[in-house]
Amino acid sequence: MHRGNATRQTILEQAMRMSSLYGLEGVTIGGLAAALSMSKSGLFSHFGSKESLQVEILRAAAQRFTQQVVAPALAGPPGEPRVRALFEGWLDWSRGLPGGCLFVAAAVDMDDRPGPARETLVLVQREWLGVLADAARSAIEEGHFRPDLDPAQFAFEAYALLLGCHHYNRLLHDPRALERTHNAFEALLYAAR
């Protein structure tokens, strides 16, 4: 790997960790440079602007999410096992970052703010919802879910559970957040069969 690319990757790794804790708006060029013991100008030369940095953080996180969550689930068996793998993969992904899912943190920052970072986040989240809906379609085709199930509604409900888990775990510090999430997911699967 070229030295510039390695430095850029190191910057993005730290920026993803910080984004999970502080949101995209909480990651500043100065704060990131200090955390990496770099000069602001050295860090700025890799991205050019805070907005460009935010977009690159989201792209790097989406790539990591695909590698850690989506690709392993798609490599496994179709149908309900794939749905389960995606759901559990997201839970593992969220626990693997110091502040939980950085897409959730970014959504708080970007939901009403137009611009490239918001557009990138919306694209990433729509792709994720599409993957969940496709997995539900696969479960219908495999005969695991009932034929009249609405895959988009299933994706909405599964994602709502994931967001609820994040809220109960990160904000409310509910020690039973994962247990509650798994119980709700089992009820969702039961209703889908």
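Before moving on, here are some points about what is shown:
- Within the assembled protein chains, the solvent-accessible surface assigned to VAL55 is about 10 Å², based on a 1.4 Å probe.
- The rule of thumb for compact globular proteins, 2.2 N^0.38 Å, goes into the C-alpha radius of gyration of the chain 1.11 times.
- With protein chains left intact and a 1.4 Å probe, residues in the range 45-156 average 48 Å² of accessible area per residue.
- Cα centroid separation - the range 20-49 against the range 156-178, whole Å: 29
- The phi torsions of the range 118-134, fed into the Karplus equation with coefficients 6.51, -1.76 and 1.60 and a -60° offset, translate into couplings of 4, 4, 5, 4, 4, 4, 4, 5, 5, 4, 5, 4, x, 5, 4, 5, 5 Hz, rounded to whole numbers, with Gly and Pro shown as x.
- Furthest towards positive pole of dipole, PRO147, ALA187, PRO175, structure part the range 117-193, Cβ charges: PRO175
- Estimated distance in nm for a label pair at GLU88 and GLU119, the labels positioned 7 Å out from Cα along Cα-to-Cβ: 3.9
- Carbon plus sulfur fraction of accessible area for the chain, probe 1.4 Å, in percent: 55
- The chain: most fluctuating residue of GLY26, GLY130, GLY48 per GNM, C-alpha cutoff 10 Å: GLY48
- Extension gain for THR28-ALA187 works out to 53.1 nm (0.36 nm per residue, less the C-alpha to C-alpha distance).
- Solvent-accessible ranking of TYR159, TYR168, TYR22, TYR190, largest area first, probe 1.4 Å: TYR190, TYR22, TYR168, TYR159
- Available extension along the chain between GLU13 and SER45 is 9.8 nm, counting 0.36 nm per residue and deducting the alpha carbon span.
- Rounded to the nearest 10 Å², the accessible area of GLU141 at probe 1.4 Å: 150
- The distance separating the Cα centre of the range 74-93 from that of the range 97-136 comes to 19 Å.
- When the Cα atoms of the range 92-144 are aligned to their principal axes, the ranges along those axes come out at 41, 26, 12 Å in descending order.
- Zone of ASP112's modelled label, taken as backbone nitrogen in the range 44-65 under 14 Å from a point 7 Å along Cα→Cβ: none
The values are calculated or read from the model by the stated rules, or taken from the named source; none is laboratory data. Model, not experiment: these values are computed from the prediction. Methodologically, a virtual Cβ is constructed for each residue, glycine included, from the backbone with ideal geometry; neighbour enumeration extends over all protein chains shown. Please note that ligands, DNA and RNA were not included when accessible areas were found on the heavy atoms of the full protein model with its side chains. Shrake-Rupley method; radii C 1.70, N 1.55, O 1.52, S 1.80 Å.
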